[in-house]
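Note sheet for the following structure.
The values are calculated or read from the model by the stated rules, or taken from the named source; none is laboratory data. Only a predicted model underlies this, so the values are computations on that prediction, with no experimental measurement involved. Don't worry about glycine lacking a Cβ; one is built from the backbone with ideal geometry, like all the others, and counts go over all protein chains shown.
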Amino acid sequence: MADKWWKDSVVYQIYPRSFMDSDGDGIGDIPGILSKLDYLKRLGVDVIWLCPVYESPNDDNGYDISDYRSILSEFGTIADWEELLAQIHARGMKLIMDLVVNHSSDEHAWFVESRKSKDNPYRDYYIWRPGADGGEPNDWGSFFSGSAWQYDERTEEYFLHLFSKKQPDLNWENPKLRQDVYDMMAWWLDKGIDGFRMDVINLISKNPALPRVEQGEGWRFGGEHFMNGPRVHEYLQEMNREVLSKYDIMTVGETIGVTPEDAALYVGEERNELNMVFHFELMDVDSGPHGKWDLKPWDLRDIKRIIAKWQTGLEGKGWNSLYLNNHDQPRMLSRFGDDRTYRKESGKMLATLLHTLQGTPYIYQGEELGMTNVRFASIESYKDIETLNMFAEQLAAGRDEADIMNAIYAKGRDNGRTPMQWDGSEHAGFTTGTPWIAVNPNYPDINAEQAVNDPDSIFHYYRQLIALRREHDVTGYSGFRLIGEEDERVFAYVRSRGEESLLVVLNFFGDQAEFRLPEEIGFSRAERLIGNYDPPANLRRALLRPYEAQVYRLFA
Ligand code: NOJ
């Protein structure tokens with residue numbers, strides 16, 4: 001497969017609201033990010049993905065954009081942003097921006113026009129329908145609870161919003177809308193950015209018939225009618241032709257409900273669409289039949305099967321993205337590791353997994369410190385629209401409040417949105433004011449200052465992993481073979497490059513675990529590359545320690 005800079009890169013995701021506040025208003029901002037670039041350089045990351053910093057009424061923390069070409073004043077000015085780009089480039093790093101074009105804010109000028117009248121030139125920038133049988137046009141539910149349709153009195157029609165009612169979906173069937181989006185993308189690219197992360201990009205083409213999911217009462221997930229819709233590849237190929245192909249950039253699409261077969265259509269190197277996608281299969285591994293708030297313990301065998309499926313599914317076809325958390329997910333350490341007794345060990349073990357697979361690793365802010373989930377005593381402390389809507393809906397439906405809170409503790413998006421923990425001072429050094437969302441009370445023990453000063457910290461382990469990817473060309477290995485597929489406790493695999501292979505052995509639990517290296521894998525000339533403990537005396541028959549991770553280079 002082609003050699004590209006983004007394959008050798010490690011990406012760091014910044015959620016600006018919670019990263020660093022420079023002016024004491026309790027909200028992270030661009031000058032705050034500027035003040036921490038040397039920290040990121042020290043970590044060794046290559047690319048920064050900045051979540052939305054555009055003008056927004058903040059119904060969904062910036063994913064509801066009211067002006068695609070201006071910076072939210074809480075975050076700074078366009079001059080601040082230009083300085084940020086220049087300083088990132090001066091340090092040899094790159095910047096990718098969030099592109100949110102499945103929907104806009106209802107306060108965007110296009111929507112303000114669109115809702116004025118049925119014959120307004122912007123009417124068809126959005127998806128409007130008359131009601132059916134005295135109610136909504138169909139039974140699709142919003143990702144943020146309730147119907148995906150909102151009635152608008154002025155023109156007596158409904159508009160579609162797959163997310164909040166302040167996030168109307170854009171109508172990609174309209175070529176004028178598409179051209180406006182491409183012009184806006186080129187405007188940012190001409191400023192010198194290095195690519196885009198594209199928000200829910202596989203939802204942009206809806207089945208134009210907008211069919212009901214079922215007959216009867218209630219709101220339903222209509223995913224089959226808007227995920228990977230009929231014209232999505234046509235649109236992305238057009239976008240690629242008109243804009244993306246003209247720049248040396250990277251693109252990663254957030255894609256809900258894609259399989260490796262679907263993904264190959266988005267990222268296949270001959271397809272001229274995107275470079276990578278974020279899939280959700282691992283993020284659904286602990287969800288019951290009723291979705292993410294229906295908690296179910298994960299099973300390591302499922303995690304292994306999913307990773308193996310994606311590693312082999314895209315082999316020779318396209319590139320993977322590797323992540324275990326982001327601003328929409330709980331902290332990976334609390335979810336897949338142990339955020340108390342073995343915080344360091346499990347944080348390093350999970351990092352080892354992410355940095356030794358085929359694909360580009362994405363580090364979410366604070367992951368490199370081993371930041372954890374938070375448990376606020378009351379719903380009053382939570383800010384996320386998805387969480388608040390779900391709480392109200394499920395309470396009204398009779399679900400026990402403690403039960404709902406437990407679901408929020410496990411899965412709520414605010415777990416990943418508490419402020420970055422910089423040091424042990426008040427509010428973790430994030431702000432001198434009152435933070436927009438409370439800091440996780442564990443900041444005196446878990447913070448960047450402490451991690452940077454401790455040579456054995458998760459932070460320094462990430463530095464080593466990032467350096468290792470470069471020195472040993474980890475991206476150059478191909479193939480993926482599980483060892484002990486049915487083992488419920490140990491995740492082990494081999495990848496190869498000519499005569500050489502990479503062997504990764506991970507104990508996913510806090511108890512000791514037996515590991516046997518199969519005879520056919522030659523181990524006589526093994527070189528240990530990295531691990532979170534000293535290497536075991538004999539890996540052929542080892543008793544792995546809690547959350548032990550070891551990586552070896554083997555020679556045939
Ligand atoms: C995915 C984003 O990551 C999430 O934060 C947002 O709420 C939805 N898309 C809608 O834009």
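Summary of values
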{"item": "Evaluation of GLY257 against (1) at positive phi; (2) part of a strand (DSSP E or B) (one fails), failing number", "result": "(2)"}
{"item": "Options VAL277, VAL252; residue that is touching a Gly at 6+ places or on another chain (Cβ under 6 Å), crowded, with 19+ Cβ neighbours inside 10 Å and not aromatic (Phe, Trp, Tyr)", "result": "VAL277"}
{"item": "Search result, residues across segment 68-85 that are under 18 Å from ARG197 (Cα atoms) and either basic (Lys, Arg) or within 16 Å of the ligand (Cβ to nearest atom) (or both)", "result": "TYR68, ARG69"}
{"item": "Spans of strands (runs of 3 or more DSSP E) in segment 1-88 with at least 1 residues surrounded by fewer than 21 Cβ atoms within 10 Å (Cβ to Cβ) and of a type outside the set (Phe, Trp, Tyr)", "result": "67-71"}
{"item": "Hits in segment 194-227 (condition: more than 16 Å from the ligand (Cβ to nearest atom), on the phi > 0 side of the Ramachandran plot and modelled with pLDDT of 95 or more)", "result": "GLY195, LEU210"}
{"item": "Those residues of segment 155-173 which are within 28 Å of GLU386 (Cβ to Cβ) and part of a loop (DSSP other than H, G, I, E, B), in sequence order", "result": "HIS161, LEU162, PHE163, SER164, LYS165, LYS166, GLN167, PRO168, ASN171, TRP172, GLU173"}
{"item": "Of all residues in segment 43-67 being aliphatic (A, V, I, L, M) and within 15 Å of the ligand (Cβ to nearest atom), the one that is nearest to the chain's Cα centre (by Cα)", "result": "LEU50"}
{"item": "Test set (1) basic (Lys, Arg); (2) touching a helix residue (DSSP H, G or I) at 6+ places or on another chain (Cβ under 6 Å); (3) more than 18 Å from LYS191 (Cα to Cα); (4) in contact (Cβ under 8 Å) with a residue 12 or more places away in the chain - ARG91 fails condition number", "result": "(3)"}
{"item": "Any hit, segment 314-337, residues being aliphatic (A, V, I, L, M), surrounded by fewer than 21 Cβ atoms within 10 Å (Cβ to Cβ) and without any contact (Cβ under 8 Å) to a residue 60 or more places away in the chain", "result": "no"}
{"item": "Segment 101-121 - residue that is crowded, with 19+ Cβ neighbours inside 10 Å and in a loop (DSSP other than H, G, I, E, B) and, of those, nearest to the ligand (Cβ to nearest atom)", "result": "ASN102"}
{"item": "Meets criteria (surrounded by fewer than 17 Cβ atoms within 10 Å (Cβ to Cβ) and touching a helix residue (DSSP H, G or I) at 6+ places or on another chain (Cβ under 9 Å)) for TRP298", "result": "yes"}
{"item": "Filter result for ASP98 (part of a loop (DSSP other than H, G, I, E, B), within 14 Å of the ligand (Cβ to nearest atom), in contact (Cβ under 8 Å) with a residue 60 or more places away in the chain and not polar (S, T, N, Q))", "result": "no"}
{"item": "Of all residues in segment 496-527 being of a type in the set (D, E, K, R) and not in a loop (DSSP other than H, G, I, E, B), the one that is modelled with the lowest pLDDT", "result": "ARG497"}
{"item": "Hits in segment 365-390 (condition: assigned to a helix (DSSP H, G or I), more than 16 Å from the ligand (Cβ to nearest atom) and either of a type in the set (A, V, I, L, M, F, W, C) or farther than 21 Å from LEU50 by Cα (or both))", "result": "LEU369, ILE379, GLU380, SER381"}
{"item": "Hits in segment 174-203 (condition: hydrophobic (A, V, I, L, M, F, W, C) and in a helix (DSSP H, G or I))", "result": "LEU177, VAL181, MET184, MET185, ALA186, TRP187, TRP188, LEU189, ILE201, LEU203"}
